[in-house]
Structures are given as C-alpha cells and as structure tokens.
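Reading through the structure tokens given below for one structure.
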Amino acid sequence: MKALRARSAGARTAGHARAAQRPATDPRAGEAGTLAFLAELSQALAVSLDLRQTLSETVTRVVDFMQVEAASLFLLDPATLVLDCRICIGPVDITGVRLAVGQGIVGSAVAENATQLVVDAADDPRVWRAADDSTGFVTHSLVCAPLRTAAGPIGVLEIVNRRDGTPFSAADAELLELVAAPAALAINSARMAASLLEQQRLKREFDLARRLQKSLLPHRRRDGFPVIGVNRPAHEISGDFYDHFELADGRIGFVVGDISGKGLDAALLMVRAASLLRWAGKDGIEPAAWLSRANDELCETTQDGRFVCALVGYCDRAATRVRFAGAGFPPVIVQRGDAFDEYPSGGPPLGILPGVAFEQRELALAGGTFYAFSDGATDVRDAQGRPIGNAGVRALIARHAKESLEPRLRSLLADLKQLRLVDDTTLLLVEAPRAEQPERLVDLRVPARAESLRELRGAVRAALDALGVEPRLRDKLVLAVDEACANIIRHGYGQSCDGDIELCLARNGTTLAFELRDTAPCADPAALRPKPLGEMRCGGFGIALIDEVMDDWRVEPLAGRRGNRLVMHKRIEDIAGEANEA
Amino acid sequence: MSVSPNGVAAERGDGYVLVRLSGEVDLSWSQEVRRAVLDALAAGTPVGVELSAVSYIDSSGIAALVEGFQQARQNGGRFALVAVSDAVRAVLELARLDRVFLLVPSAEALLAA
C-alpha cells in the first residue's frame, strides 16, 4: 500500500501538462479511487460468465485507469512454453504474437515469475522490438506482471508507455500486479470449470460405454451350463469380453477376447469385435475357420495398430470335449486333478494380417476344467510388483480347485483383486456341471431370548453384505429374520426361556434360504397367518412383514414333533452378476 | 449405520413432550419404549417421538408407536414421529404405516402441524 500512497500523492505527475487535463474526479486522484477500480475489476472478473469478454474489458479499463498507450494480455501454453497474445488494446495490434518463455520482457516475467519494470526501454536489451520495428511504434517504458497461480504463472499482463510520456514507476508496477491477481484467478477458475465440465462429459460417456459393454456380456446361466465367464475391468471400461451361445446341434460356442490398448476407442473396438466374433461363430464352423473369418473382417476395418487377442471354441453340454483355437491369446490352462496342461494359441492376434491360418485343437476334459484367462490375470502383480504369470494363475487355481463353481470364481477374482490388477481381467471356464451344493453363509445357535436378537441381526447383516446384497433389501431381510426369531421367542417358547434358536442361511444359486429351528411346542399353522399391513394394530404384523419381504415361507414340525422349522426363501437376481461388477 | 447406544429419554419442551429414542429398537427393550411413550402422553400435551438416531426398529417397536398414536387419538391429543431416520422410514413403508403416522421434521414443527 505504500506505493499506492505515493501514487495517490500524485506528486510525480502533478504539474504535468497532461495531468491538468484530467477531470477533477480523476479516479487516480486518490487511494480510494484505486481501491474502487480494483474492487470493481475483481468483482467483474469473479462473476464473469464470458471470460474472454471480461478479460478484454479488464485490459481496456487498465488502459483507461492507468492512462497508458497500450496494454496486452498473454497466455502461456504450458505444453510448448509459448506465450500467445490474446488481447491487445492500443495503436498497434499485436494479438497473435507469440513469444517464448524468457523472450522479451513478457517472457522474462513468466521465466522469473516476477513483475518486470522497464523504466527506459531504450536502455534494456531484453525488450522485444519486432513490433516496433515493423510498425513505427516506439516502446519507451513498460511493465509486465505475471498472472500468478498456485501452480505457477499462466500468462502476463503488459502495459506500454504512459500517455503523459513519463516513465513507469514502482508504484505502477505494484498496481499492475494488483490487477493481475484477480485476472489470474478468473482465468484459472474458468479453466478449472471447463475441465470439470469436460470430466463430467467424459464420465457420462464412459458410463454409457460401460453400460453398453456390460449389456453385451451374456447372462450367467444356472441351469447346469458348462461355460461360465467373468469380466473385471481394471478401469471404468473394459477392453475384454466373453460370450457363449448354444447352437442348434446342441454344441455350445464360446469366445473370449482382449483388445489391445485402453480407453474409449479400445472399448468401441471391443464392441465391434465382440459382435463380429459372435456372428462368425453362429454357423458352427470349425474354430480355426471361425478365427480366420473374423480376422479377415477385422483386418479390413481396424486401423491404428490395434488388434484383438481371442480364443474361440465349442464344447458339448456335458463338457466332455472342447475344440478350440486361439489368436494371440494366453495359453489355455486345463486342470485335471493335480495335473495342469497348457495349450498356447496357434495363431497371431486378429486384425493384423489377413489370410492367416489358425491351428485348432481338440481335447478331452475328462472331468477337468478348461480355463481361459485374458492376460490381465497373468499380469496381476504380486507383493513385489512382479507379474504372477501363468505359474501364479495355476497356483491360484490349485488353491481353490476343491471349491464348487460359484465360490471358486469368487475366490479367484478376490485373490486376483487382492494382488494388484493392472489390466482388465477376464476368465472363461468350461467344466462339466456339478450338482450345485448350497453354500452355507451363516450357522448360528443362540439362546431363545430377546437379548440374542442383536447378534442374530449382526450375523445376517454381515453375511448379506459379504454377498453384496443392496442395503435396502439387506435391511428388509434382516428385519424379516428378526421378526421370525421374535415370534419364536414370544409365541413359540412363551414363558420358558431355556431353549435355543438355530439360524442357518444358505445360498443356492440365486436363492437365499433362511432356516430357523427351535425346540418349542409345535406351532399352530392357523395362528401363523399374515394380517393385512397398513392397519393400526398393536402387534401382530411381524408375520405380515415376513410375508411381505420373503418370496415364500413355511413352518413345519421337526421330526418327532420336537420343535419347529421355519424356512423362508428370497430370490436375489442381481447379486449373481456381482462378479461382473467393476 | 449409526452406532448410537440403545436409549429412551423424555424431555419437556415448550408445550410438548419429546421422547428421544436411539439405537436398535427390538423385542429386548421395546416394552421400555412403550412405557416411555405412554408416560409422555399422560402429561396431556402433544407428544413427539424423536427417531433420528434409531438405526433399527422391529414390529414390537412399531407396535409401541402405534399404541401411542391410538392412545393420543382416543384422548384427542397430538402424536407425531419426529425426524424419522431412513431405517425407521423403510420399516414404516414396509408396514404401510408411513402415511398413517404424522411425520414431522422437528419438535417445533410438532406444534405447528
């Protein structure tokens, strides 16, 4: 403020011929005028919707307020380190002039991130004179203030020649610096807003691409289907895909693919490759011919060096034999008991060279499992950051080989995820369908007392969370179990409280089964009817809530009438797809 | 999910009584809740049951609220549920009682309602 005060004294310009022409209300006449000018400017910049317009007005106001011949605003391109004149007011239009960082006084202001005051331009060899030389304009004195942000200068505000012919002073430099601050802030905010908008737009596009991709993946089949796939994108969208379909002759066709590269264009190629491979396989042609057909088609249309690694094949419904061919896809791993075999691809990736022949192979599974992992799995990093490779994937398979299909898939993915997933990971496996065993999630026995309810709820809630059941549904299921237990405690056991309640929660495919056993006197089925909800009754709607939440439920006496068994079922369609969630 | 401990406390406001409930309302203590609600109604002023810190409620807890509602109606009194938490709202909706009770955002709104 000291410099401003010096300026407000007006001592240096007092008595000058031009000074006398200024109106009495000259805004420069006092510190208040300067502050008003700065406040007005800051305000205009802060609320600016059209930054270009506002900046242009700012430069104009600087010219008027500071009584200078010319002023200009340069913006820095951080990639090229070139300063570009965007706005210029004055007798010579230098808009579009480009200066390197360090070049001229403008460039020095950025290079040093400090305001440059040149009292006498003739004395300063740094002054850039090209414009003067070509136009006849003479630069006598100038000030350049960097547009500062936390991340460094983003441009320069420059003033040239005071109209009264006197040179610029330190006070002018300070005032210009004060103007540069809100201008820099406004430019920075506008840029951030633009980048935020861009990010939101990109996110919307990515969400769309991701939904589109997910919609291409086939639904999990639970009817003893021998082919099953999962896809875990490393980022929002995936370059991986898999597919399976049934042919009229009963064979089942399958595809796994991996697009080179990442991002939106890889994702779009994935969409095209996925439909192409499905189309090429629908006729039931040999796997090698299937790949050739897709390859020729992709070669015609794929540019930019992108390619597609893929594995295609057929198996029979009982998964006794598999016939397949690979195109640059990681080796297939076949596990039979403790033995592992690997079968590398017999051809290059698709989309590179038309007319290539692919080798195919047929093998008997003999109760074993055929695993096709995209290289996202083998690229997974261990604790030391090394890719786990095929040996690592084999070790994972061996660790979970005894588990039935669903838990095994979940365990494999969980293990891969625990290691570091750097790429999209897709797994397709073929194995003879086994009779699915229900998976026990909760097994709990508690005293039949109201104090036990909290523990029961906690156990059910934790199990449902582990399954990924959506919180609203989870809470309803917890409530239904609680209501059932409360009924057993209140009405089943009544006064005697030495009995227990046994809770078992099991999942069979997409169905959850909640089973409660007690040793209370056998319940009267007639008393267990749900009453209508929505009525103001003090009690009696526990059963109605159970009825509302569960798909079905029933109570039956235990053998020898030594208690009751309540079974409640709920289908949960969506959690089966959890393995496909990102 | 909030981890408030189970608790019920009545406080006298300006022209009303507010019963504050917190925690998981289940069969193990819903009788206490019922008692507190009926006691509050005995004062004859409007009663609000504050439920913002209730993370779980079962049908026995709802029954205590229903009883309060009915008692108030018989005596021409005012009874409302105040600042109902999402967990409670979900159970009220499930029981189709969300439009039966008077639900207000704050104790002050109880008097205005």
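The values are calculated or read from the model by the stated rules, or taken from the named source; none is laboratory data. Quantities reported herein were computed from a predicted structural model and do not represent experimental measurements. Reconstructed Cβ throughout: ideal geometry from the backbone, glycine too, with neighbour counts over all protein chains shown.
Tabulated values for the structure
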{"quantity": "Scope region A:539-557; condition part of a loop (DSSP other than H, G, I, E, B) and away from chain B (no Cβ under 14 Å); matching residues", "calculated": "A:D551"}
{"quantity": "Selected residue [touching a Cys at 6+ places or on another chain (Cβ under 9 Å) and modelled with pLDDT of 90 or more] from A:F168, A:F245, A:F254", "calculated": "A:F254"}
{"quantity": "Search result, residues across region B:79-100 that are of a type in the set (D, E, K, R) and surrounded by fewer than 17 Cβ atoms within 10 Å (Cβ to Cβ)", "calculated": "B:D86, B:R89, B:E93, B:R96, B:R99"}
{"quantity": "Filtered residues of region A:109-126 (kept if under 24 Å from A:T80 (Cβ atoms), surrounded by fewer than 21 Cβ atoms within 10 Å (Cβ to Cβ) and aliphatic (A, V, I, L, M))", "calculated": "A:A111, A:A114"}
{"quantity": "Identity of the residue in region A:477-494, under 37 Å from the mean Cα position of the chain (by Cα) and facing chain B (nearest Cβ under 9 Å), that ends up surrounded by the fewest Cβ atoms within 10 Å (Cβ to Cβ)", "calculated": "A:V478"}
{"quantity": "Residue in region A:146-161 that is polar (S, T, N, Q), surrounded by 16 or more Cβ atoms within 10 Å (Cβ to Cβ), touching a strand residue (DSSP E or B) at 6+ places or on another chain (Cβ under 8 Å) and closer than 23 Å to A:A39 by Cα present", "calculated": "no"}
{"quantity": "Entirely in region B:1-111, the strands (runs of 3 or more DSSP E) that have 1 or more residues that are closer than 22 Å to A:D547 by Cβ", "calculated": "B:17-25, B:47-57"}
{"quantity": "Selected residue [closer than 30 Å to A:N231 by Cα, without any contact (Cβ under 8 Å) to a residue 24 or more places away in the chain and either in contact with a helix residue (DSSP H, G or I) (Cβ under 6 Å, 6 or more places away or on another chain) or of a type outside the set (V, I, T) (or both)] from A:R472, A:R440, A:R454, A:R434", "calculated": "A:R472"}
{"quantity": "Flag for A:L298 being buried (at least 20 other Cβ atoms within 10 Å of the Cβ) and within 27 Å of A:G389 (Cβ to Cβ)", "calculated": "no"}
{"quantity": "Number of positions in region A:309-330 that are at pLDDT below 90 and in contact with a helix residue (DSSP H, G or I) (Cβ under 8 Å, 6 or more places away or on another chain)", "calculated": "1"}
{"quantity": "Residue in region B:51-62 that is of a type in the set (D, E) and loosely packed, with under 15 Cβ neighbours inside 10 Å present", "calculated": "no"}
{"quantity": "Given (1) more than 14 Å from chain B (Cβ to nearest Cβ); (2) within 25 Å of B:R96 (Cα to Cα); (3) among the basic types (K, R); (4) surrounded by 17 or more Cβ atoms within 10 Å (Cβ to Cβ), number of the condition A:R529 does not satisfy", "calculated": "(4)"}
{"quantity": "Count of residues meeting criterion [in contact with a Pro (Cβ under 9 Å, 6 or more places away or on another chain), within 14 Å of chain B (Cβ to nearest Cβ) and β-branched (V, I, T)] in region A:424-476", "calculated": "0"}
{"quantity": "Residues (part of a strand (DSSP E or B) and either touching a Ser or Thr at 6+ places or on another chain (Cβ under 7 Å) or outside the structural domain of A:V256 (by TED's automatic domain parsing) (or both)) located in region A:335-381", "calculated": "A:Q335, A:A364"}
{"quantity": "Considering residues of region A:160-172 that are touching a residue at least 60 places away in the same chain (Cβ under 8 Å) and under 23 Å from A:L75 (Cβ atoms) only, the residue farthest from the chain's Cα centre (by Cα)", "calculated": "A:N161"}
{"quantity": "The listed residue being touching a residue at least 24 places away in the same chain (Cβ under 8 Å) and under 47 Å from the mean Cα position of the chain (by Cα), out of A:L528, A:L516, A:L558, A:L533", "calculated": "A:L516"}
{"quantity": "Selection status of B:G13, within 14 Å of chain A (Cβ to nearest Cβ), more than 21 Å from A:F541 (Cβ to Cβ) and more than 11 Å from the chain's Cα centre (by Cα)", "calculated": "no"}
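Residues checked against (1) touching a strand residue (DSSP E or B) at 6+ places or on another chain (Cβ under 9 Å); (2) at pLDDT below 85:
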| site | (1), (2) |
| --- | --- |
| A:G351 | yes, no |
| A:G355 | no, no |
| A:E359 | yes, no |
| A:G368 | yes, no |
| A:G385 | yes, yes |
| A:H400 | no, no |
| A:L409 | yes, yes |
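Per-residue answers, yes or no, for (1) farther than 17 Å from A:R565 by Cα; (2) touching an Asp or Glu at 6+ places or on another chain (Cβ under 8 Å):
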| site | (1), (2) |
| --- | --- |
| A:R434 | yes, no |
| A:P438 | yes, no |
| A:V442 | no, no |
| A:P447 | no, yes |
| A:A462 | yes, no |
| A:D482 | no, yes |
| A:A486 | no, yes |
| A:D498 | yes, no |
